[in-house]
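Each remark here refers to the structure printed beneath this line.
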Amino acid sequence: MKSVIQHFLEHDPPLGAIAEQIGPIQLEQEHTDPFFVLVKSIVFQQLAGPAARATFDRLQHACSNSVTADQILVKDSQQLRECGLSRQKIGYLKGLAIATQEGKLDSAQLQNMSDREVRYILTQIRGIGPWTANMFLMFYLAREDVFAPRDHGLHTAICAVYDRQYPLPLPTRNEIAANWKPYRTYASLYLWHWQDSEQPGWES
């Protein structure tokens with residue numbers, strides 16, 4: 001992990017200073033079930049952290065703390081709406097559950113795919129766009145060099161750390177992130193952590 005921090009110190013001093021202050025961060029698989037990780041990402045889409053966590057907690061409770069494709073499919077729309085899910089997201093979760101039962105989320109196959117291949121497979125499923133696919137690469141497959149340029153939290157953190165005016169053009173965000181290769185996932189984790197500590201209660 002020291003090599004990651006050293007890389008940032010050498011190639012991006014502002015980020016390096018943040019990483020050195022925070023210390024080593026572990027990149028680990030968030031959950032063993034790809035369906036669970038994608039459900040959580042869909043729930044968190046376009047919601048503030050506290051609201052997203054509350055909705056996901058209610059969903060877990062409704063599923064008896066076992067968020068599986070079977071559990072989602074046996075729930076009717078009203079039960080899912082009571083968790084705080086919109087009609088659109090309910091449709092996404094139902095579609096994802098069906099795709100899972102059809103074998104489109106084979107964990108072993110996904111592990112052996114390139115980032116590009118994983119993004120392609122996932123974005124064929126309704127409700128999964130580039131952001132959700134990138135979160136999956138980070139938090140399920142634990143890939144080290146993933147950057148989600150349209151993530152709101154990363155965007156605002158980049159503007160704050162590098163003293164840039166918001167909104168920052170997408171090519172500029174990618175240009176800044178290029179300095180973090182081959183550890184863009186770690187850079188994202190540090191920026192999220194830094195933003196969370198700078199603004200308590202904030203979450204991407």
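Where a number appears in this text, it was derived from the coordinates with a stated rule and is not lab data. Quantities reported herein were computed from a predicted structural model and do not represent experimental measurements. Virtual Cβ from ideal backbone geometry, glycine too; neighbours counted across all protein chains shown.
Couple of notes before you dig in:
- Fewest-first ranking of L9, L168, using other Cβ atoms within 10 Å as the exposure measure: L9, L168
- Taking E28, E144, E10 and counting other C-beta atoms within 10 Å, the order from fewest to most: E28, E10, E144
- Over the chain: helical MRE at 222 nm, DSSP H runs n ≥ 4 each giving -39500 (n - 2.57), nearest 500: -18500 deg cm²/dmol
- Compared with the alpha-carbon gap, the fully stretched path from T172 to S64 is longer by 34.4 nm at 0.36 nm per residue.
- Among the listed pairs K40/K104; K104/K181; K75/K104, those with a Cα-Cα distance over 28 Å are K104/K181.
- Mean Cβ neighbour count within 10 Å, used as a protection proxy, ranking 180-186, 16-22, 71-77, 38-44 highest first: 38-44, 180-186, 16-22, 71-77
- The stretch 31-69 versus the stretch 145-199: alpha-carbon centroid distance in Å: 25 Å
- Gyration tensor verdict on the chain (Cα atoms; rounded if a/c is under 1.5, prolate if a/b is larger than b/c, oblate otherwise): prolate
- Hydrodynamic radius by Kirkwood, which averages 1/r over all alpha carbon pairs of the stretch 67-158, in angstrom: 14.5 Å
- Gyration tensor (alpha-carbon) shape descriptor, the stretch 97-204, a/c threshold 1.5: prolate
- Distance between modelled label sites at D163 and A48, nm, 7 Å Cα→Cβ extension: 3.0 nm
- Counting only alpha carbon atoms, the long axis of helix 13-22 and the longest principal axis of the chain meet at about 60°.
- Rounded to 10°, Cα long-axis angle of helix 130-139 versus longest principal axis of the chain: 80 degrees
- Against the chain, whose longest principal axis comes from its Cα atoms, helix 49-62 is set at around 30 degrees.
- Note: relative contact order over the stretch 34-139, using C-alpha pairs below 8 Å and six or more positions apart, is 33 percent.
- Shape category assigned to the stretch 1-104 from the gyration tensor of Cα positions, a/c cut at 1.5: prolate
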